[in-house]
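Here the structure comes first, spelled out in structure tokens, and everything after it is commentary.
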Amino acid sequence: MTELADRRLLLVHAHPDDESINNGATMATYAAQGAHVALVTCTLGEEGEVIPPALAHLAATHEDTLGAHRAEELAAAMKELGVADHRFLGGPGHFRDSGMMGAEQNHRAGAFWSADVDEAAALLVEVIRELRPQVLITYDPDGGYGHPDHIQAHRVAMRAAVLAAEPAFRPDLGAAHDIAKIYWNRVPRSVGERLFAELTENAVHGLPWAAAQLADVPGVVDDDRITTVVDGRPQVARKAAAMRAHATQIAVEAPWFALSNDLAQPLFDTEYYELVRGRSGAAPGEREHDLFAGLPTEGAGAHPDPPQDDRGTVTRT
Ligand SMILES: [Zn+2]
């Protein structure tokens with residue numbers, strides 16, 4: 001990359017499909033606005049259960065070729081969202097899906113859960129220093145719902161944000177960069193309760209699945225912890241298409257979807273965040289409606305690009 005876009009958003013996720021479920025509308029929204037949207041996925045999701053019977057042979061318990069297939073699903077999903085920059089942490093297959101908490105796969109060599117956090121973070125530091133995002137999105141410390149790869153993605157992302165800003169850390173990985181704002185994926189409890197009430201009525205009216213419970217949804221918190229709301233309604237068709245592209249993992253009957261547990265849950269057209277580092281750009285007591293609110297990048301192009309040398313490296317002053 002020789003020239004940086006004015007607004008740069010980095011997302012760190014555990015498996016292919018997490019990005020589309022959690023942030024598909026946000027990613028499509030910012031990509032459509034010309035922001036640089038970059039996704040780092042930490043594993044290929046090799047341990048996922050496969051929904052379509054015709055593809056069941058790919059599963060880890062059979063041919064164990066699901067990872068390569070899910071990389072293709074991810075590429076198709078990113079095309080739907082308009083996101084060109086998607087990478088796997090350390091390269092495809094560098095870290096393997098650890099399976100659910102307590103599974104013996106947790107401790108297999110190469111499993112993301114058993115990776116050294118600082119070593120994995122260094123791989124992300126290199127990406128952060130290259131892309132220089134102002135905004136990072138990842139999971140909360142519980143990974144939203146306790147999956148080991150989600151917990152580890154949180155740890156690695158938060159650690160990498162610290163290390164990337166530290167000039168003395170691995171100068172060979174690029175010039176230090178401080179990410180201005182970090183967000184965790186969230187769902188406000190009142191919204192979840194409302195949508196699950198609607199879902200329960202719909203389930204009665206012919207959805208092919210029973211209804212999940214709000215407790216099945218990752219990242220649900222009391223409303224007062226929500227700092228930021230991204231209205232993704234204009235992009236919701238692209239989000240649904242991206243989710244459909246993850247066909248081994250997700251079945252979509254918009255505005256609902258189901259994972260391999262065959263339990264329906266709402267497909268969120270508005271996505272919610274908790275700002276955990278950096279200053280809110282909203283008035284006191286208000287929520288932000290833009291992840292970049294309050295940053296000098298607001299109103300893209302209003303600020304000159306940082307000076308660059310002839311190799312395109314950003315010079316920090
Ligand atoms: Zn996941």
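The values are calculated or read from the model by the stated rules, or taken from the named source; none is laboratory data. Values in this document were obtained by computation on a predicted structure and should not be read as measured data. When we count neighbours, we look across all protein chains shown, and the Cβ atoms used for this are built from the backbone with ideal geometry, even at glycine. The accessibility values were calculated without ligands, DNA or RNA, using every heavy atom of the protein model including side chains. Shrake-Rupley method; radii C 1.70, N 1.55, O 1.52, S 1.80 Å.
Observations
- Neighbours by Cβ (under 9 Å, 6+ apart or cross-chain): first from segment 6-19, under 17 Å from ILE151 (Cβ atoms); second among the aromatic types (Phe, Trp, Tyr) and more than 7 Å from the ligand (Cβ to nearest atom): VAL12/TYR139; HIS13/TYR139; ALA14/PHE112; ALA14/TYR139; ASP18/TYR139
- Residue count, segment 210-225 (criterion: within 12 Å of PRO266 (Cα to Cα), touching a residue at least 40 places away in the same chain (Cβ under 8 Å) and among the hydrophobic types (A, V, I, L, M, F, W, C)): 3
- Restricting segment 63-121 to residues that are in contact (Cβ under 8 Å) with a residue 60 or more places away in the chain, in a loop (DSSP other than H, G, I, E, B) and open to solvent by less than 10 Å² (accessible area, probe 1.4 Å), the residue that is nearest to MET243 (Cα to Cα): ASP97
- Enumeration of residues in segment 218-230 that are surrounded by fewer than 19 Cβ atoms within 10 Å (Cβ to Cβ) and either part of a loop (DSSP other than H, G, I, E, B) or of a type in the set (Lys, Arg) (or both): ASP222, ARG225
- Any hit, segment 10-18, residues being out of contact with any strand residue (DSSP E or B) (no Cβ under 7 Å at 6 or more places or on another chain), farther than 21 Å from PHE257 by Cα and not in a strand (DSSP E or B): no
- Qualifying residue in segment 254-262 (condition: touching a strand residue (DSSP E or B) at 6+ places or on another chain (Cβ under 7 Å) and among the small types (Gly, Ala, Ser)): yes
- Qualifying residue in segment 73-94 (condition: aromatic (Phe, Trp, Tyr) and within 16 Å of the ligand (Cβ to nearest atom)): yes
- Residue ID - most open to solvent (accessible area, probe 1.4 Å), chosen from residues in segment 122-169 that are more than 16 Å from the ligand (Cβ to nearest atom) and touching an Asp or Glu at 6+ places or on another chain (Cβ under 8 Å): ARG159
- Top-ranked residue of segment 32-61 - restricted to ones that are closer than 24 Å to ASP140 by Cα and not in a loop (DSSP other than H, G, I, E, B), ranked as nearest to the ligand (Cβ to nearest atom): THR41
- Residue within segment 36-48 that is of a type in the set (Ser, Thr, Tyr) and open to solvent by 10 Å² or more (accessible area, probe 1.4 Å) present: no
- Within segment 1-20, restricting attention to residues that are among the aliphatic types (A, V, I, L, M) and buried (at least 24 other Cβ atoms within 10 Å of the Cβ), the residue that is farthest from the ligand (Cβ to nearest atom) is LEU9.
- Within segment 79-111, the set of residues being over 16 Å from the mean Cα position of the chain (by Cα), of a type in the set (A, V, I, L, M, F, W, C) and within 12 Å of GLY45 (Cβ to Cβ) comprises just one member, PHE95.
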